[in-house]
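What follows is a single structure, written as C-alpha cells, with notes after it.
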Ligand SMILES: Cc1cc2nc3c(=O)[nH]c(=O)nc-3n(C[C@H](O)[C@H](O)[C@H](O)COP(=O)(O)OP(=O)(O)OC[C@H]3O[C@@H](n4cnc5c(N)ncnc54)[C@H](O)[C@@H]3O)c2cc1C
C-alpha cells in the first residue's frame, strides 16, 4: 500500500522562500511537511543582494549572526556609461541603519545562506523534511488537499490542510492548480560569473552597472572574498559559447582581476506575475508567484516577504484564531509591493540593456541632464503601504513597517524585536489600560523593558498622533489609535466570529 503522511502545511520546495516559510511556521508551532526534489541547495550563482527587511526576517528566525558571516554591507550602486560618467547612483554609509534596525542593503553569497535556512528547518521538531521527494500532483478533498509525491522509496501520499508551492519559477504546484503568469514584457539573456577574490583585491567596492552598448555589464562585490560579473549576451551568442573559459577570460581581462572563477550560468532575466496566488487551500510564493529581472536585487527578497506575510496568517487560521478569508489578504498586500519592485527592476533593465549606440547616446544625454537637474531618473522604489482588510486602512501608519530601534551599550547591541519576541504587539503610551488579551503582547512605552527604545517609540507614535500601535507578527503596522479600538478592529480583521468564540 502507498505510504500516507499528514501535516497542517505542506511546503513544496526548500529554496530560500520555502525554507523561510517552513521555519516561521515551525516557530509558530505548526506541523509542517517540507519536500524538495533536490538533496542540496541550488549551487549556481543567483541572488547577490538583500535588504534590511529581509535581515529582520533572518533575525526573527534566529539566523542573523549566521547570515551576517556571508554578507557585506552594500555602500553604493551606480549606473555608468561607457565613458565612466555616472548616470544615476545612490550611496549609504556602512554604519547607517534603516528604521528596521539593520543596514539598508547587504551583498551576500546565496548558497550558504540557503543552507543555513534549510538547517534551521531540519532542526525544527515540528517539521518533517523529505529531500529527494518530488511533487507530482494534487487534488482537493473535503478535509484539505491530497498530494502525490515521488520519494526515493516510491510513491508517497500526503494529506495537508494547506499546500504552499515554493517550488520556483517552473512551479509544478502553480501548474497543477491552473494559475497563469502575466508577462511584463522583459526578457534578456545574461551570462553570470561568480569569482573568488584574493586578499587585498582592488576590485570596485560599490555595485556597478556599466551601461556600455557594446557589452552591458554588472560588477558586484558579493559576500566576503567573492565578486560577481554579469554580462549581457549579444544577439547570436549561444549559452555554450559564452560559458567557455576562454570567452569568460576575455570578458574579464579589462577588469584586471586576479580571481578564480567559482560558478557560471546563463539566465534569461524576465518579469512575470501570477494572476492568482491562492486557489482554495493551495497557495504559491516566491518565484512560483512572481519573477523579476535582478537589477534591483529583489527577487528572493520579494519571496521572503511573501513567506513572512503568509506564515502568521496560515498559523492563525490553523490555530483557529482567524478566518480562512484572512488568506485572501496575502495577494492583496503582496502583489502591489512586488509590482513596485518589478517596475523598478524593468526600468533599470531598460537603461542597462541598450545595445544600440544611438539609443545609448540619447539615454546618456537625458540621464546626465536629469542628474545635473537633481531629478530622479528611475521610478520610486518605495512600495506603497499595505491596504485592504489586513490593516486598519485610514489610521496613520497602517500598512507601514514598524521601526526596530537599536540600543548599543558597551559591545552589546539590543534590538526591539528580541526584547518583545514573536506574535502581535500592542505598543502604547496611553494611560488607558489595554484590555487583557492572551494572544497579544501589550506593552507600554514606560515599561522598563522598553527603556532603551522609549524615546524613538514615543517619537514614532507622536509623529502619527497616536496613543498606540498594533503591530502584526510580520512587523507591519495593523493600525494606530486607542488600544481598545485597535483590539476590536484586529479581531474583526482576523475574522470576528472566530476570534470572538475563543476564550
Ligand atoms: C542571476 C540572478 C541574480 C539574482 N539576484 C538577486 C538578488 O540580488 N537579490 C534577490 O533578492 N534575488 C535575486 N535573484 C532572484 C533569486 O535568486 C530568486 O528569486 C530566489 O532564489 C527564488 O527563491 P525560491 O525559493 O522562490 O525558488 P528556488 O530557489 O528556485 O527554489 C525552488 C525549490 O523548489 C524545488 N522544486 C522544484 N520543483 C519541485 C517539485 N516538483 N517537487 C519538489 N521540489 C521542487 C527546487 O528543487 C528548489 O529547491 C537573482 C536571480 C538570478 C537568476
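Each reported figure results from applying straightforward, stated rules to the coordinates on display, with no laboratory input. These numbers were taken from a predicted model, which means no experiment stands behind them. Cβ: placed from backbone, ideal geometry, glycine included. Neighbour counts: every protein chain shown.
What the table shows:
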| item | result |
| --- | --- |
| Relative contact order [Cα under 8 Å, 6+ residues apart], the chain, whole percent | 15 |
| In degrees, nearest ten, helix 328-352 long axis to first principal axis of the chain (Cα) | 10 |
| Spin-label pair residue 141/residue 157, simplified geometry with 7 Å Cα→Cβ offset, distance in nm | 0.6 |
| Rounded FRET efficiency, nearest 0.05, which uses the C-beta distance separating residue 86 from residue 42 and R0 of 35 Å | 0.55 |
| Calculated FRET efficiency for the pair residue 419/residue 6, C-beta based, R₀ 35 Å, to 0.05 | 0.40 |
| Two-site label geometry, residue 449 and residue 328: point separation in nm, points 7 Å out along Cα→Cβ | 3.6 |
| Cα gyration tensor shape of segment 286-437, rounded if a/c is under 1.5, else prolate or oblate by comparing a/b with b/c | prolate |
| Packing-based ranking, highest mean first, of 462-472, 220-230 given that Cβ atoms within 10 Å are counted | 220-230, 462-472 |
| Helix-derived mean residue ellipticity, 222 nm - over the chain, DSSP H n ≥ 4, -39500 (n - 2.57), to 500 | -9500 deg cm²/dmol |
| Highest average packing first - 73-86, 160-173, Cβ atoms within 10 Å | 160-173, 73-86 |
| Between 0 and 90°, nearest 10: helix 483-501 axis offset from the chain longest Cα axis | 80 |
| Gyration tensor (alpha-carbon) shape descriptor, segment 338-381, a/c threshold 1.5 | oblate |
| Degrees separating the helix 16-27 axis from the principal Cα axis of the chain, which is the longest one | 20 |
| Rounded, prolate or oblate (a/c below 1.5 giving rounded, otherwise prolate when a/b exceeds b/c) for the chain by Cα gyration tensor | oblate |
| Difference of contour (0.36 nm per residue) and Cα-Cα distance, residue 115 to residue 175 | 18.9 nm |
